[in-house]
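Let me begin by presenting the structure, written as structure tokens, before commenting on it.
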Amino acid sequence: MAVTAPAFETIAPPAASARKRRYTEDQVPLGKVLVRMLAGFIVLAIFVLPYVIMFFGSVKTKAQIRSVDPTYLPTEWHWENYINMWSTPETPLPQNLISTIVISVFATLIVLLVAMPAAYYTARFKFPFRMVFLFLVIVTQMLQPAVLTSGLFRQFLAFDMIDTWAAMIFINAAFNLSFAVWIMHSFFAGIPKEVDEAAQIDGAGRLRVLFTISLPLVWPGIVTAIVFTFVACWNEFAASLVILSTAGNQPLSVALTKFVGQYETSWQYVFGVSIVAIVPVVILFMIIEKRLVGGLTAGSVK
Amino acid sequence: MSTTSDASPIQAGAADGRPRPGRGTPTKGDAAGPRPRGRDLLHALPWIGPALILIFGVVLFPAVVMFYNSTRDISQSGVDKGSVGLDNYIEVFNFPYFWPIFGRTIVWVVVVVAATVIISLGLAQILNKAFPGRRIVRLAVIIPWAASVVMTTMVVYYGLEPYFGIINKFLVDIGLVDTPEGYGWTRNPATAFAWSIVVAIFVSLPFTTYTILAGLQTVPGEVLEAAKMDGAGPIRTYWGVVLPQLRSALAVAVLINIINVFNSLPILKVMTGSIPGYDADTIMTMIFKYIQNQHKVDVASALSVVAFVIVIVIVAVYVRVVKPMKEV
């Protein structure tokens, strides 16, 4: 991600400089700073707590985690859980992980390939029904698979695609497309058109302008769109629950719910798998943290 | 929405002197003079076509399928046995638990969104102040946003289990629960629903807080200075200067939260899914009960249409209030 760091600074300098100024100019009394740090620490503790419980649980034995007198901290650290959990009988977890990865990666690729040209063209050129198209994008951005699941189910049943990865790849791609178009659109629109025109006068074709001039400039927007799409696909639940019926096809989010209500749930494995599934996407989100302030709502917050 | 009438002035935007700074919409078209609309559309299609196919094929077409199915009689095995008019809707509304479920959906949305926004306003205020370690706190706040809601809910569900749940143990340890084995929070629809609300608030906080933080950055420093000079205290400055500036950020946060919370399935599915009966259901969990437990896709479609209409109304309000098209 070393490449993106400087780009962030060039695209969004006002926020960064304003933050720095506040640190240096305001002479905040020490007492106030300590109160703020304390408040900050409490916030941190609350937001991290469920995941700390998860982590501690993941290294306990089944006997410890189901003990009538539970301990907050694990008394022994059973790292072997992270190996043994993959062969738990409730659900084929290795297949569930592969399913999650395949669906998320391909859906994100489709979103990237489909959203980028649309965002570029709508930001750069006018054409009939351009506003209708953008309106469509905004409205579909508000629709989620959950409310349309019964329609999606019947549709993919008719296409004979029920219980296939392909169906979930298309569903995830379609429902995340609008957001990606919207984010990238605002980035493309932010590049002065003179940059493009200069390149075109120099004889570069439209596609070459897109790939060599515009893309490097909108790279932060693309990264944001990719991360958001990927994380949304990774965690998708409602449609997968109905579309994917075979245990091996299901993503982790659906597979893990099978542990709830079991006579003796192996919580240590649920948590181990959760940690494995959560850590990568949290890191992805942290990479785009600066974009989350401001860039996300893409122009609607003003 | 009068989108078509919106589109025409933009066609001739530059000529009308409509200022569009920074948005490089008109390019070649202006230099070459007016061109036939059909040709422009043909030029655009390769670029926006794939997006249109996905949006129409996988978002709008299923909506049509859903509307159609809501008037059909579909057997448990999935065979379409013909039209039944509005019978599926009658079944939805005559279901004795429908109105309690409807009311619970409203409670679910209103309580979660209101609490989320109020807490987020405070959180954003803390995260907007300078202090050592602020970046780490900000990063921590992101975690529930990125993490799977199913997984976050499951750790709470486990914590609430009697005998071995860690939250129950904590509540016993601090004396809030008298029985040594804790309380069966997830066995009782009312308490399971209440805890679901807590989880829903928790996972909604990051997005809301970050949206408000974005809004706070638009509050001009000079205005705050001026308020200070005029002798306004921090509370008065907040009510009088900061909050009005946050109006559009709050509008976005509230409306997107309403949609998300209304559509939310995983939290209630995990927390209340194993409780028999319909005393902890919302419209969304009821749709999935029709599909999965009763295999009534036709009735599920009818209820989904009801939900869809509610979502469309919310979106219409969103477009009205926030006017996102203004920024295009």
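Read-outs throughout are calculated quantities, based only on the coordinates presented, and are distinct from any laboratory measurement. As the structure is a prediction and not an experimental result, all values here were calculated from the model. Ideal geometry is used to build each Cβ from the backbone, glycine not excepted, and the neighbour counts take in all protein chains shown.
Descriptive notes on the structure:
- Cα shape, chain B, gyration tensor, a/c 1.5 rule: oblate
- In terms of its C-alpha gyration tensor, chain A comes out oblate, because a/c is 1.5 or above while a/b does not outweigh b/c.
- Cβ-derived FRET efficiency at R0 22 Å, B:S274 paired with A:S87, nearest 0.05: 0.30
- Panel order for A:F230, A:F159, A:F41, by other beta carbons found within 10 Å of each beta carbon, from fewest to most: A:F159, A:F41, A:F230.
- GNM result for chain A, Cα springs below 10 Å: residue of A:S67, A:S58, A:S266 fluctuating most strongly: A:S67
- For chain A, the 222 nm mean residue ellipticity estimated from helices alone, with every DSSP H stretch of n ≥ 4 adding -39500 (n - 2.57) and the total spread over all residues, rounds to -22000 deg cm²/dmol.
- Degrees separating the helix A:165-190 axis from the principal Cα axis of chain A, which is the longest one: 40
- When both the range A:111-142 and the range B:59-97 are represented by their alpha-carbon centers, they are found 33 Å apart.
- Among residues other than A:M184 with Cβ under 14 Å from its Cβ, the summed charge is +2 (Lys and Arg +1, Asp and Glu -1).
- Going from the residue with the fewest nearby Cβ atoms within 10 Å to the one with the most, A:K60, B:K228, B:K81 rank B:K81, B:K228, A:K60.
- Whole-Å distance, taken between Cα centres, linking the range A:215-252 and the range B:123-144: 26
- Modelled FRET efficiency - R0 51 Å, B:E222 with A:L109, Cβ distances, 0.05 increments: 0.65
- Taking the longest Cα principal axis of chain A as reference, the axis of helix A:13-25 is set at about 70 degrees.
- Filter on A:K290/B:K228; A:K60/B:K269; A:K258/B:K269; A:K32/A:K290 - keep pairs with C-alpha separation over 23 Å: A:K290/B:K228; A:K60/B:K269; A:K32/A:K290
- J(HN,Hα) series, the range B:60-67, from Karplus relation 6.51 cos²θ - 1.76 cosθ + 1.60, nearest Hz, glycine and proline x: 7, 4, x, 5, 5, 4, 5, 4
- Among B:N293, B:L243, A:N96 the positive-end extreme of the charge dipole of the protein assembly as shown (Cβ point charges): B:L243
- Cα centroids of the range B:255-295 and the range B:190-227: 25 Å apart.
- Taking a ≥ b ≥ c as the square roots of the Cα gyration tensor eigenvalues, the protein assembly as shown comes out oblate, since a/c reaches at least 1.5 and a/b does not exceed b/c.
- Label-to-label distance, B:Y97 versus B:A115, with points set 7 angstrom from Cα along the beta-carbon direction: 2.2 nm.
- Estimated at 0.36 nm per residue, the fully extended path between A:V52 and A:V279 surpasses their Cα-Cα distance by 80.5 nm.
- B:L139-B:V313 pseudo-label distance in nm [points 7 Å out on the Cα-to-Cβ vector]: 4.5
- Residues of the range A:59-94 with amide N under 18 Å of the 7 Å Cα→Cβ point at A:A247: A:84-94
- Exposure proxy ranking, count of Cβ atoms within 10 Å, fewest first, for A:M116, B:M66: A:M116, B:M66
- Amide H contacts under 5 Å for B:I74: B:K81, B:D298, restricted to partners 5 or more places along the chain or on a different chain, H placed in the peptide plane at 1.01 Å from N.
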